[in-house]
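Student: Before anything else, here's the structure in question.
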Amino acid sequence: MDNLPTKNFSRRDFLQLGVSLTAGIVVPPLLSACGSGSSNASVPQQTFVQPQLLQSQNGLLDVSITVSYLDTVVNGRDPAQSQRVHLRAYGLTNGQPVITAPTLSVNAGDRLRIRVINNLPENPPPVSGNPDYLGYPNNTNMHVHGLHVFPGIIDQTVPLYGDYVVDALGQGVAPGESRQYQYDIRANHPAGPFWYHPHLHGSTAMQVASFMSGALMVRGLIDAMPDMRTAEELIFMFQAPYYSNVGNANNYGVPNGQLESFSQIADNPSSGPAVLINGVRRPRIVMQSGQVQRWRFINTQIFNPLSLSLDGHTLKRYTVDGYATETYTDYASGQGIRLDAGNRASCIVQAGSPGTYYLRSLAVNVSKNGVVSADILAEIVVVAPAITMQIPAEPLPISSSLLPITDAELATHGGMKRNIVFRAISNALLNPQASKNTPITIPPASNLLSPGTELQDWTYNTNSTSVMNTVFAVGAVSPTASVNPADPTATTNPDQYYPFQSAHSITQVVPLNSVEEWTIYNMNSVGHPFHIHVNPMYLVKINGSPVKPFWCDTLALPMNGTPTAPTSMTFRSRFVDYTGPYVMHCHMLVHEDLGMMQGVSVI
């Protein structure tokens, strides 16, 4: 079946589709389709399913997103095996929840409005011994991952929210409530793939580990290139839902097909759940020889990275996360594009000779001793006859906001340098027999070991999981400190580590219009994916050595750091356009929910 055309729909059409929109157009999802458009029954049928696309119109996309439970069937690692699941999911008002939420598509300069309507049931009774902030799995909010937009509350009286994710304990959008978000996309916003998902501290991982995520595409000059416009676009939402299953080692008393205990996601085996693409395990993509397509990759997994490799085809990457590059990076068969949790990429694909090929994830390290096994993610069937299509020519247009940050610009805009430390610390204060005995910081004149005190919110020990007796924390070193190679612990091992939920956790306060250089240190063997909201980062160093700079908003810290020999990455950033509160954190979302997050406030 050929691509379905974009059209304006009547009110009756909207009601029939179960869509409630005050602005924007709907492009129905691509169902089973033949890549050649042929009706020949001998041609394999495409099983790749596109998420529904909602496109802005006249500068506005206004949607209502509902949150409720979805009852459906998903495939496991073996596509022939299936499991009925009951998981939290997004849907559209008057419509059913879906495995993969609609793709929201806006142009640079548009306004995006999202009303979140929470139709989940009331939160379950608190679990004795659980940290308080983990007691709201059915409260939610909304984060537009990677967008450079206002992070605060736009209007307290309406109320109207920007990309506001710092709701206090028990807040957010409670069951039965709704909240209006509004994002004004700047005219020079980078064009590329972004995504939206919940971000309430304590409930993020369980909700994203269900089906609560969707693609968010920002269109710009690069999309207007004639050869880009003629290349069919495929959205790949890589999902790995967690749920109880007879094959799991421990389901913690949760019925099959459900995710209702934090313990179910606290353990993250390197094998992990099966990876789906838009809800389908190993879908088939049918292309004609010579055909050019644009593939948009979004890794929504809550823990594991991907290393994407395509057999026998031209594969050219042109965005890192949502940030275009002027030239392509070519990837040969067997060479992987690494996408850590939260990462995205845009690629040009040109089909080779007729035959069957595979989109694979190569084996990839997630920690010193943890390897995510190789996997086949999709099948690509190339058919004759060949067609002639052109790969968009270089140089590719990029946003003016992505100009390099030079030494001179850094020096003339404040030039402050900050050192931030990510560290998971075994808590010997709770368990003197812990395998590691580095204690967490105890604030002076505090008795945090007393019942009901703050320390109880620092660790998760409800069940015997891999995170028990561990504090996931962020520390900070004096901004004026410089790294001493002879004694790295003098400036990279702060004397204060606090999880985000601690009253003692600090906030990085940054002046508006400043340009700064931050070094993020990793004290652990795990490659924590670092993500910062609102303002992207211009990476300049890995482990202190210069690299070819590039823009991103999510990047894994180098693995195998220790307190005496930390690994690091260094980036520069422009803190422009917006004041307000936001966060930086580990995008292994269990780590984030347990406290590996720190506030940023631009003033």
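Readers should treat all values here as calculations from the given coordinates under stated rules, not as data from a laboratory. Because the structure is a prediction, the values reported are computed rather than measured. A quick note on method: Cβ atoms are made from the backbone with ideal geometry, for glycine too, and the neighbour counts reach across all protein chains shown.
Student: May I ask for the Rg/Rh ratio of the stretch 489-576, computed from Cα atoms with Rh as the Kirkwood radius, given to two decimals?
Tutor: Values: Rg = 13.6 Å, Rh = 14.1 Å.
Result: Rg/Rh = 0.96.
Student: Which length gain, in nm to one decimal place, applies between residue 514 and residue 78 when the Cα-Cα distance is subtracted from 0.36 nm times their residue separation?
Tutor: On the way: separation 436, 0.36 × 436 = 156.96 nm, distance 5.14 nm.
Net length gain for the segment: 151.8 nm.
Student: Once amide H atoms are built 1.01 Å from N in the peptide plane, which residues 5 or more positions from residue 88, or in another chain, come under 5 Å H to H?
Tutor: 70, 211
Student: For a quick protection proxy, order the peptides 186-197, 251-262, 295-306 by their average other-Cβ count within 10 Å, most packed first. Display every interim value, and only then the final one.
Tutor: On the way: 186-197: 22.6, 251-262: 17.4, 295-306: 25.6.
Averaged packing, sorted descending, gives the order 295-306, 186-197, 251-262.
Student: What are the ³J(HN,Hα) couplings of the stretch 162-170, residue after residue, when phi is run through the Karplus curve with 6.51, -1.76, 1.60 and θ = phi - 60°? Round to Hz, x for glycine and proline.
Tutor: Using θ = phi - 60°, the values come out as x, 7, 9, 10, 9, 4, 7, 3, x Hz.
Student: From the phi of every residue in the stretch 183-197, what ³J(HN,Hα) in whole Hz does the Karplus formula 6.51 cos²θ - 1.76 cosθ + 1.60 yield, where θ is phi - 60° and glycine or proline is x?
Tutor: Rounded to whole hertz, the list is 10, 9, 7, 5, 5, 9, 5, x, 9, x, x, 10, 7, 10, 6.
Student: On to the next question. Can you compute the modelled spin-label distance between residue 577 and residue 454, with each label point 7 Å from Cα toward Cβ, in nm?
Tutor: In this crude spin-label approximation the distance works out to 3.5 nm.
Student: Take residue 94, project a point 7 Å from its Cα along the Cβ direction, then tell me which residues of the stretch 43-72 have their backbone nitrogen under 13 Å from it.
Tutor: Label zone hits: 64.
Student: Also, I was wondering about something else. Could you tell me how many cubic angstrom of Cα convex hull volume the stretch 103-234 has per residue? Write out the running numbers ahead of the final one.
Tutor: On the way: hull volume 14.5 nm³, N = 132.
Per-residue hull volume (Cα only) is 110 Å³.
Student: If you take the alpha carbon radius of gyration of the stretch 276-431 and divide it by 2.2 N^0.38 Å, what ratio comes out, to two decimals?
Tutor: 1.33
Student: Please work out how much length the chain gains when fully extended from residue 155 to residue 506, using 0.36 nm per residue of separation minus the C-alpha to C-alpha distance, in nm with one decimal. Present the calculation step by step, with values, prior to reporting the outcome.
Tutor: On the way: separation 351, 0.36 × 351 = 126.36 nm, distance 2.62 nm.
Full extension of this stretch gives 123.7 nm more.
Student: Students often forget the sequence filter, so: which aspartates and glutamates lie under 20 Å Cα-Cα from residue 548 once same-chain residues fewer than 8 apart are removed?
Tutor: Hits, sequence-local ones excluded: 321, 326, 330, 340, 394, 407, 409, 516, 517.
Student: May I pose another question? Taking the inverse of the average 1/r across all pairs of different Cα atoms in the stretch 177-279, what Kirkwood radius in Å do you get? Intermediate results must be reported in sequence, preceding the final value.
Tutor: Values: mean 1/r = 0.0598 Å⁻¹.
By the Kirkwood definition, the hydrodynamic radius is 16.7 Å.
Student: Continuing with the same structure: If the convex hull of the alpha-carbon atoms of the stretch 252-356 is projected onto planes in all directions, what is the mean projected area in square nanometres?
Tutor: On the way: hull surface 32.8 nm².
Seen from a random direction, the Cα hull of the stretch 252-356 projects 8.2 nm² on average.
Student: Shifting gears a bit: When averaged across all projection directions, what area in nm² does the alpha-carbon convex hull of the stretch 280-331 cover? Walk me through the intermediate numbers first.
Tutor: Numbers: hull surface 19.7 nm².
Reported value for the Cα convex hull: 4.9 nm².
Student: I've got another one for you. Want the number for residue 384 to residue 119: 0.36 nm per residue separation, take away the alpha-carbon distance, what's left? Can you show the working numbers first?
Tutor: On the way: separation 265, 0.36 × 265 = 95.40 nm, distance 4.84 nm.
Roughly 90.6 nm would be gained on extension.
Student: While we're looking at this one, here's another question. Over 22 Å, how big is the tail of the calculated P(r) for the stretch 230-309, in percent of all Cα pairs?
Tutor: Considering the stretch 230-309, 38 percent of its Cα-Cα pairs are separated by more than 22 Å.
Student: Rg/Rh for the stretch 105-147: what does it come to with C-alpha atoms and Rh from Kirkwood?
Tutor: Numbers: Rg = 16.0 Å, Rh = 13.7 Å.
That ratio equals 1.17.
Student: Moving on to the next point. Under the classification rounded if a/c is under 1.5, otherwise prolate if a/b is larger than b/c and oblate if not, where does the stretch 538-591 fall, given a ≥ b ≥ c as square roots of the Cα gyration tensor eigenvalues? The partial results should precede the final answer.
Tutor: Working: a/c = 2.23, a/b = 1.28, b/c = 1.74.
Oblate is the answer for the stretch 538-591, as a/c is 1.5 or above yet b/c matches or exceeds a/b.
Student: Here's another thing I want to ask about it. Which far-off residues, 5 or more places away or on another chain, put their amide H under 5 Å from the one on residue 418, with H placed in the peptide plane?
Tutor: 517, 518, 519
Student: Could you calculate the FRET efficiency of residue 43 with residue 368 from 1/(1 + (r/R0)^6), where r is the beta carbon distance between them and R0 is 51 Å, rounded to 0.05? Kindly include the intermediate steps, with their values, before the conclusion.
Tutor: On the way: r = 47 Å, r/R0 = 0.92.
Efficiency at R0 = 51 Å is approximately 0.60.
Student: I'd like the distance separating the alpha-carbon centroids of the stretch 91-138 and the stretch 210-230, in whole Å.
Tutor: First find each Cα centre; the distance between them is then 23 Å.
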